[in-house]
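Encoded as structure tokens, the structure appears first; notes follow it.
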4 protein chains.
Amino acid sequence: MDYNIIRVARVTMNVTDLNAAKDFYVNALGFIETESTNEYMALRGLEEHVHHSLLLRKADKPGVHALGYKVWEESDLEKLEQFFQTRGSRTAWLEKGAQPGVGRALRAEDVSGIPVEFFAEMDGAERCLQKYDLYRGARVQRIDHVNCMVPDVEGAVKFYTEELGFRVSEYTATEEDRTWAAWLHRKPTVHDVAFMNGEGPRLHHVGFWLSDPMSLIHCCDVMASMGYADNIERGPGRHGLSNAFFLYVRDPDGNRIELYNGDYLTSDPDFKPVKWDINDPRRQTFWGHKAPDSWFNEAVSFLDIETGAEVAKKQPLLAQRKPDFVT
Amino acid sequence: MDYNIIRVARVTMNVTDLNAAKDFYVNALGFIETESTNEYMALRGLEEHVHHSLLLRKADKPGVHALGYKVWEESDLEKLEQFFQTRGSRTAWLEKGAQPGVGRALRAEDVSGIPVEFFAEMDGAERCLQKYDLYRGARVQRIDHVNCMVPDVEGAVKFYTEELGFRVSEYTATEEDRTWAAWLHRKPTVHDVAFMNGEGPRLHHVGFWLSDPMSLIHCCDVMASMGYADNIERGPGRHGLSNAFFLYVRDPDGNRIELYNGDYLTSDPDFKPVKWDINDPRRQTFWGHKAPDSWFNEAVSFLDIETGAEVAKKQPLLAQRKPDFVT
Amino acid sequence: MDYNIIRVARVTMNVTDLNAAKDFYVNALGFIETESTNEYMALRGLEEHVHHSLLLRKADKPGVHALGYKVWEESDLEKLEQFFQTRGSRTAWLEKGAQPGVGRALRAEDVSGIPVEFFAEMDGAERCLQKYDLYRGARVQRIDHVNCMVPDVEGAVKFYTEELGFRVSEYTATEEDRTWAAWLHRKPTVHDVAFMNGEGPRLHHVGFWLSDPMSLIHCCDVMASMGYADNIERGPGRHGLSNAFFLYVRDPDGNRIELYNGDYLTSDPDFKPVKWDINDPRRQTFWGHKAPDSWFNEAVSFLDIETGAEVAKKQPLLAQRKPDFVT
Amino acid sequence: MDYNIIRVARVTMNVTDLNAAKDFYVNALGFIETESTNEYMALRGLEEHVHHSLLLRKADKPGVHALGYKVWEESDLEKLEQFFQTRGSRTAWLEKGAQPGVGRALRAEDVSGIPVEFFAEMDGAERCLQKYDLYRGARVQRIDHVNCMVPDVEGAVKFYTEELGFRVSEYTATEEDRTWAAWLHRKPTVHDVAFMNGEGPRLHHVGFWLSDPMSLIHCCDVMASMGYADNIERGPGRHGLSNAFFLYVRDPDGNRIELYNGDYLTSDPDFKPVKWDINDPRRQTFWGHKAPDSWFNEAVSFLDIETGAEVAKKQPLLAQRKPDFVT
């Protein structure tokens, strides 16, 4: 069964201060603000033709409401409802208008307990791709992927590939050949979603695509100029895995954003997933730098699709929490 | 009917001197040479995991044997054979091994008389994406698209969209709202194939993707250093249409190659094709530069799928051959 | 005699509309505005620690008041006054405060009739080098050089090298080995001032240094977005001569600005000036592009140091006005 | 007294394996090899018009023979000899030909015991600035500066500014307003030589200028591809001090090389030295990253100008060895 999932398309998450978030996301990172109220702010990248890819909701503390995937057409939503109900997942509908700019949406829980959302329709918005005079900071172009820590990566991979039609581009294996992390895609890039072994489910980061490597360097300079040097957590560097030129930054509430350039085309069914040894230093950082502990330990809780309470977390199945070379 | 065409994947064309071609494509542009004989040279980009995307055949004069598209699986080829035969097109099979590195391939003629080829299988090759010490010249990453001059662009667009499942990302319209040029894709980039109004069918250029804009600038410098300044035909510049940062170069036989960086994601079915007025100067070159006449007038003949003779050309349906602002 | 000239430091020239100039220089090119009135606007680059490097004066038509050179100390000005008077040049003093931000200044006429100015003191201003959040457009860093058309290049070179202590870094020679153009420096870059054979004296352009090549590419995009595509006259390209990565733009009044990155260190007395044949296509544009006729024909008049009237122009000594390959 | 020192121009130091050094400096970093024997290798950057800027001598262990400064003319050498002898420093002459490519050279000891060398003449070599097809790795352009750890920074600054005519561009002060580090220049860039408080005298690093920031990023990728990831010690990052975009790498013998782009013009006598608080995190790394301990602790010994034995080291006058924020 093919549910015609096109790509990861939006994330809804909390921030505690919308003004602080605006300064960070719009002025420092270069997002375009589509719309704001006292309750939320809708942000899109420069090339995005839709209302938003990041919806920030004002709340008392961080938390992720849903990871949203765009499907081809409305009827795919009914098929997905049936699929999730057959599996015993709770589901919930958000009618058109319940969320700013978003059409009818189906929420459900994936195999790891992550709140996922599917929708076919979103309001349009002006594409600013060629409004270069609006380019600021990192010049964020579009949402690229989400990355989650889950207790059972192999279970998550099986669910997304066998049930939802994702394909694996690259993965990390332990010495016992267990899958420690995996990168999965629907659109033919390295990923729409990745899973890493860890206490979870938690959202590790949301990745946004940049047009070129110099925009990432410039963003470091802009962040430092604006007083955000402490919000740069890791990078700039090159991931061996995915070949991404990356920068990880933390927003004022600690939500982690990856600025990302590199990637490659994964369209071909005979492309063989790239396997990496977890203890190969070039996997994490091609140039050999170690990631800070915070990058391995800190992530954001998901919120229940009905109650809004934090989704319960479990300890990971695999013992190793980070590579050997990170001491 | 969906024939599961994934993407444009290879071009087979003639050169008159394989050594001259090697210096140009490998040393100046940075292709990886997979294999060479006295009769052909197979080239791939740095990220390509397959035998080649450009097959150059030694011949007395230029000519394009086929534009090759990769399909999902072997059974798609039979469906395509039936489709083309139903339409009255001649078809021809090249068995596995008949072409270096390529599995069984179906050749046919598209609605404009262009020799097209479909195949599901190609030999693998080492991906050099992370062999940065091999990076040279433009650091060509992968094939991106082909661009053809045809007499009836609207007919070609109808054929590719209604019969073969391509979608239009952008198009150019005349004052009478006739489609003068169109960019069509299967993979979610701006295009796999584009058609422009002109005497044809002829191959205008093959486009290759670069990882970043500075590689394009460096390629200009390398070409000039090596004595290839006269082979730079147009650019560097920015296309309004497609937002590509481009450079057009001519190989020693006059075959035109576009080096290309920019693009954007076209995955969404509700993405509305971008319409450009042919006489909008920013369409052709966002920065306002005029293209040289050679760019509008010169292109390479296609060769018959059975006889190898040049495919007959027709005059274009639309009178205007180039934009008003190019005098 | 050494007059301790440090570098070219400022240009004072007319514009007809200060608001139009502000949009162009500040919003599109990225200059910092130090100060403005109804009569003038003082602009500086991001790294400049002084009041301005470009002073735009409101006037009815274009014209250049003076090319300003910074000297080591006040006493150098008296020595220069004596030098110019000995040579029969008129001189004029502008007391401190007569020009915004500038200390006492000596004006005189060089051998070609160009109004030159010398000063030791200028008011300080905040350096914005590390205020990356202020970076816009081309991110102009500092003034680099001026380029003038003069009727007698060899006479100008003799005057600047033998009398004022400049050194030649590169020059262009005709077939008869006459110097057609020359690049001269005091600071150890390729030039502070260049002279080209042509009707003159006229100011051809003022060159500003950029921090990196991508800022130049971004400026093209920003200019096009803002409607300034027609103000891009030439480039981006690479000069063979000087190795500059260049862009020539025209301000709303037609004053020509070069955005410039590349250069090299010319500090050593045993560095031999690089000689170029005027008809070597790589001299003008390393990548082989032709310059438009406007680039060879159009330049701005200088104004008399006393009367403010246009300085009389003469026809050039050498017949050839532009390279052979520019038809 | 002005000794007409132009710039730092060469460093002579030991490596234990010339083949390993060649792979590192030529293949990975992109130096041009001028000449090699079993005993030494002479390297230059792409824009350098002279025999070498780095002379590597085969030896049993690391050690730095001399930091070499170019002076304007031969007679400056006699003046320098007299100066050093008056101060009680030993001096030694190396006649022309005693060192490959170098004319007559005077060696002496500076106030910190560092072996310095002065020369006016060096053999010429082909400039490869526009041989872009030879560009590899970091595309090293030219020598920029040397950086030394010395026990008494204030003494060194006094010596170089008051006796040898250097000027300070930036400096780091402790809470007690003692100078902890200083950057000094003769050519109008941020520095020719810098001194940092530490056990010494020792050579901390030699800095080489790159043409653009992307060359530095590419060098990281090339080094990782070639197995040199462990040789990347620090960066890429931005120094607050000097505004340099930097990368510190260690050669196979541990000699530290800085790849450097950024800088600014320091020609003006009224440019006020920039003062930084040692504990301002933005001083060391504008983006907030900490430097590794090895960067603060490890440096290379100098060798006696007569005996070749290691120059004795002293403990630093100021207690603080590194910034507070580096724990």
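Tell me the GluC sites (Glu not before Pro) within segment B:85-117 that lie in a loop according to DSSP and have at most 14 other beta-carbon atoms within 10 Å. Those that pass, being in a loop and sparsely packed, are B:E95.
Surface composition of segment A:1-68: carbon and sulfur atoms hold 42% of the protein heavy-atom accessible area at a 1.4 Å probe.
A simple spin-label model places pseudo-atoms 7 Å from Cα toward Cβ; at B:Q315 and D:Q315 they are separated by 9.5 nm. Hydrodynamic estimate: the Kirkwood radius of chain D over Cα pairs, inserted into Stokes-Einstein at 25 °C and 0.890 mPa s, corresponds to D of 124 µm²/s. Note that segment C:139-301 carries a Kirkwood radius of 16.1 Å, evaluated over its alpha carbons pair by pair.
Structure remark: mean-square fluctuation, Gaussian network model of chain A, C-alpha springs under 10 Å; the largest value among A:E73, A:E154, A:E258 belongs to A:E73. The Cα center of segment A:60-122 and the Cα center of segment B:73-124 differ in position by 41 Å.
The residues of segment D:203-217 occluded by other protein chains by 40 Å² or more of accessible area, set against the chain on its own, are D:P213, D:M214, D:I217; surface from heavy atoms, 1.4 Å probe. If you filter segment B:1-82 for chymotrypsin sites (Phe, Trp or Tyr not before Pro), then keep DSSP loop positions with at most 13 other Cβ within 10 Å, what is left? Answer by residue number: there is no such site. Rolling a 1.4 Å probe over the heavy atoms of the protein chains gives segment D:45-95 an accessible area of 40 Å² per residue. Partner shielding of D:126-132 amounts to 5, given as the average count of beta-carbon atoms from other chains within 10 Å of each residue beta-carbon. Taken residue by residue and averaged, Cβ atoms of other chains lying within 10 Å of the Cβ of B:224-232 number 5. Given 10 °C and 1.306 mPa s, compute D for the protein assembly as shown with the Stokes-Einstein relation, Rh being the Kirkwood radius over Cα pairs; round to the nearest whole µm²/s. Result for D is 48 µm²/s.
Here B:K79 is the anchor, and the aspartates and glutamates within straight C-alpha reach of less than 14 Å, apart from those fewer than 8 places off in the same chain, are B:D2, B:E117, B:E163. Over chain B, DSSP H runs of length four or greater, each weighted -39,500 (n - 2.57), average out per residue to a 222 nm ellipticity of -3500 deg cm²/dmol. The length gained on full extension between D:D230 and D:R87, counted as 0.36 nm times the residue separation minus their Cα-Cα distance, comes to 47.1 nm.
Can you list the aspartates and glutamates whose alpha carbon is less than 16 Å from that of A:K314, not counting same-chain residues fewer than 8 positions off? Partners found: A:E109, A:D110, A:D152, A:E154, A:E199, A:E298, A:D304.
The antiparallel fraction among DSSP beta bridges confined to the protein assembly as shown stands at about 70%.
Summarising the strand pairing of segment D:5-119, around 75 percent of its internal DSSP beta bridges are antiparallel. Run the accessible area of segment B:250-302 with a 1.4 Å probe and give the carbon-and-sulfur part as a rounded percent. Using a 1.4 Å probe with all protein chains present, segment B:250-302 comes out at 50 percent carbon and sulfur. In terms of packing, defined here as the mean over residues of other Cβ atoms within 10 angstrom, the peptides D:165-173, C:244-252 line up highest first as C:244-252, D:165-173. Solvent-accessible area lost on pairing B with D (1.4 Å probe, both sides summed) amounts to about 1100 Å².
Structure note, pairs B:K61/C:K290; C:K275/D:K131; D:K131/D:K187; C:K70/D:K272; B:K96/B:K131: Cα-Cα distances above 21 angstrom occur for B:K61/C:K290; D:K131/D:K187; B:K96/B:K131.
Considering segment D:85-152 at the alpha-carbon level, its Rg and Dmax are found to be 16.6, 50 Å. Label-to-label distances for D:E95 across copies, nearest first, come out at 6.5, 8.1, 10.1 nm, using points 7 Å from Cα in the beta-carbon direction.
A straight Cα-to-Cα reach below 14 Å connects C:K22 with the aspartates and glutamates C:E33, C:E35, C:E39, C:D251, C:D253, residues fewer than 8 places away in its own chain not being considered.
Counting other Cβ atoms within 10 Å, keep those with at most 15, restrict to DSSP loop, and tell me which trypsin sites (Lys or Arg not before Pro) in segment D:57-136 are left. Those satisfying the criteria are D:R87, D:R90, D:K96, D:K131. Considering every residue in A:256-262, what mean count of other chain Cβ atoms within 10 Å of its Cβ is obtained? Partner-chain Cβ atoms within 10 Å, mean over residues of A:256-262: 1. Within the accessible surface of segment B:127-202, defined with a 1.4 Å probe on protein heavy atoms only, the carbon and sulfur portion equals 40 percent.
The values are calculated or read from the model by the stated rules, or taken from the named source; none is laboratory data. Source: prediction; values computed, not measured. Quick reminder, even Gly has a Cβ in these numbers, built from the backbone with ideal geometry, and neighbours come from all protein chains shown. Just so you know, the surface numbers come from the protein's heavy atoms only, side chains and all, with ligands and any DNA or RNA stripped out. Shrake-Rupley method; radii C 1.70, N 1.55, O 1.52, S 1.80 Å.
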